[in-house]
Amino acid sequence: MLDSESLNNVLEDKMISSQDAAEIFQKAKSNPSELFLTAQKLRSRFKGNTVTFSKKAFFNIINMCRDTCTYCTYKAEPGEEKLSMMSKEQIKQMLKLSKKYRCVEALFVTGERPEQKYQEARDWLKENGFKSTAEYLAFASELALDEGLFPHTNAGNLTFEEMRELKKTNVSMGLMLENSSERLTEKGMPHYLAASKRPEQRLEALENAGKLKIPMTTGILIGIGETPEEVIESLFAIKDLHEKYGNIQEVILQNFQPKPDTLMKDFPSAAENYFKIIVALSRVIMPEMNIQIPPNLSPKSYQSFLSVGINDWGGISPLTPDYVNPEFSWPEIKKIDENSKKAGFDLKCRFPIYPEFFSFISKELREKMALIEDKEGMVREEYWR
Ligand code: SF4
């Protein structure tokens, strides 16, 4: 039998400690039903029966990266077939196409500061008239707004100044914490050759986003060799950031899936039950947070996560692949809608910024959103269906 005291405390709006969370995790391993039920109740209390997603196009701006994470298939070396370096013209064309597909979000993704390592990246920037990837992203974001799309940039650890600049055009930004464990940066571990994934660097970038009041999407990657305690510490690190700055708009829980061309190709996928316990535990640790799992990474069972605490499917593209997980295509939005309905939930299209954070962005950005926004701060149905 589970010790229900901590779970009852959460239902009575009391906070739990990381030690309580560790105990809940241990007990849930043999019987997760009480944890799942608590997560479900909290989800209903704070999020009703709505599940959201963002209709996006994924702009793979440049996928060279100065770091190497051993699970990553996104990163490309010069000369590789998957290398992407979008020109201004390609960005413009893709924006037009995205609009045709009725996308709302322009997700701009790059590797970590590619120009620091690669001459090819420096040449690409020069050809397009920019000194840094961040400068190029600011330009691309303006193009997106002109086309009626809303930018959300995820370009690794940007500096305070770079984020301040991007805040003018981006309604929100993304930076995965991945995990706050130093151990995962040691020799033989996934983040050993990824200086930007060192927890103090990631947390500093997230702190800077907090100081700048940028609505941030962050999250953790589950199943990369971490311990449950390290997951719990990471969740509490995110919770602490949010308590300090109030700007964490959502937490992505991403289950590891091995990629054939990486050093971790033989590592097992995150076990579903373990993943579900972490999802439910996240809801219990942060009852009011927007919690997301990517449905393409659990293609057969994603709808079952609605009963363990999630309230968002993240960005779904009808147009572009998920370049981070290219072997997992996104389910059709129609199918997600059907499956959400079957599970008792209404699917709504949100902006890349959640309504709770609208006051964080400029009047100019809000005015652009207002053109397609409904009374609840979601995208009006006729603009995305
Ligand atoms: S996960 Fe990000 S930081 Fe790590 S290698 Fe891939 S692109 Fe670079």
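The values are calculated or read from the model by the stated rules, or taken from the named source; none is laboratory data. Just so you know, these numbers come straight off a predicted model, no measurement behind them. Methodologically, a virtual Cβ is constructed for each residue, glycine included, from the backbone with ideal geometry; neighbour enumeration extends over all protein chains shown.
Please state which of the following conditions Pro215 fails to meet, knowing it meets all the rest: (1) surrounded by 24 or more Cβ atoms within 10 Å (Cβ to Cβ); (2) over 24 Å from Pro294 (Cβ atoms).
Status for Pro215: all satisfied but (2).
Which count do you get for residues in segment 336-385 that are part of a helix (DSSP H, G or I) and surrounded by 12 or more Cβ atoms within 10 Å (Cβ to Cβ)?
So the first thing to find is which residues in segment 336-385 are part of a helix (DSSP H, G or I), and the list is 336-342, 355-360, 363-370, 381-383.
From the residues that got through so far, the ones that are surrounded by 12 or more Cβ atoms within 10 Å (Cβ to Cβ) too are 336-341, 355-358, 360, 365-366, 368-369, 383.
The number of residues fulfilling the criteria is 16.
Return the pair list, or none, for Cβ contacts closer than 9 Å from residues in segment 7-21 that are among the hydroxyl-bearing types (Ser, Thr, Tyr) to residues that are at pLDDT below 90 and part of a helix (DSSP H, G or I), at least 6 apart or on different chains.
Cβ pairs passing all conditions: Ser17/Ser6.
Every residue, every condition in (1) over 26 Å from Leu263 (Cβ atoms); (2) within 14 Å of the ligand (Cβ to nearest atom); (3) within 16 Å of the chain's Cα centre (by Cα), yes or no:
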{"residue": "Ala194", "(1), (2), (3)": "no, yes, no"}
{"residue": "Glu204", "(1), (2), (3)": "yes, no, no"}
{"residue": "Glu207", "(1), (2), (3)": "yes, no, no"}
{"residue": "Leu212", "(1), (2), (3)": "yes, no, no"}
{"residue": "Pro215", "(1), (2), (3)": "yes, no, yes"}
{"residue": "Glu226", "(1), (2), (3)": "no, no, no"}
{"residue": "Ile232", "(1), (2), (3)": "yes, no, no"}
{"residue": "Phe236", "(1), (2), (3)": "yes, no, no"}
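Scan segment 138-151 and tell me whether some residue there is in a loop (DSSP other than H, G, I, E, B), crowded, with 22+ Cβ neighbours inside 10 Å and in contact (Cβ under 8 Å) with a residue 12 or more places away in the chain.
So in segment 138-151, the residues in a loop (DSSP other than H, G, I, E, B) come out as 148-149.
Of the ones still in play, those that are also crowded, with 22+ Cβ neighbours inside 10 Å are 149.
If we keep only those that are in contact (Cβ under 8 Å) with a residue 12 or more places away in the chain too, we end up with 149.
Among the residues of segment 138-151, at least one is in a loop (DSSP other than H, G, I, E, B), crowded, with 22+ Cβ neighbours inside 10 Å and in contact (Cβ under 8 Å) with a residue 12 or more places away in the chain, which makes the answer yes.
Could you please tell me which pairs satisfy a Cβ distance under 6 Å, a separation of 6+ or placement on different chains, a first residue in segment 74-90 that is touching a residue at least 40 places away in the same chain (Cβ under 8 Å) and among the small types (Gly, Ala, Ser), and a second residue that is within 16 Å of the ligand (Cβ to nearest atom) and outside any loop (DSSP other than H, G, I, E, B)?
Here the result reads Ser84/Asn60, each pair linking segment 74-90 to a residue that is within 16 Å of the ligand (Cβ to nearest atom) and outside any loop (DSSP other than H, G, I, E, B).
Would segment 55-77 turn up any residue that is in a helix (DSSP H, G or I), more than 16 Å from the ligand (Cβ to nearest atom) and not basic (Lys, Arg)? Let's see the steps before the verdict.
The first filter runs over segment 55-77 and keeps only residues in a helix (DSSP H, G or I), leaving none.
Checked against the condition, which is being in a helix (DSSP H, G or I), more than 16 Å from the ligand (Cβ to nearest atom) and not basic (Lys, Arg), segment 55-77 yields no hits at all.
Output the qualifying pairs, or none if there are none: Cβ atoms under 8 angstrom, residues six or more apart or on different chains, first residue in segment 106-119 and under 26 Å from Phe351 (Cβ atoms) and more than 9 Å from the ligand (Cβ to nearest atom), second residue part of a loop (DSSP other than H, G, I, E, B) and among the hydrophobic types (A, V, I, L, M, F, W, C).
Ala106/Leu149; Phe108/Ala155
Mind telling me which of the residues Met264, Met289 ends up being over 22 Å from Ala22 (Cα atoms), in a loop (DSSP other than H, G, I, E, B) and of a type in the set (A, V, I, L, M, F, W, C)? Spell out the reasoning first.
Working: Met289 fails: over 22 Å from Ala22 (Cα atoms).
Residue meeting the stated conditions: Met264.
Give the residues of segment 169-194 that are of a type in the set (D, E, K, R), part of a loop (DSSP other than H, G, I, E, B) and crowded, with 19+ Cβ neighbours inside 10 Å, sorted by residue number.
Of segment 169-194, the ones of a type in the set (D, E, K, R) are 178, 182-183, 186-187.
If we keep only those that are part of a loop (DSSP other than H, G, I, E, B) as well, we get 182, 186-187.
Result: no residue meets the conditions.
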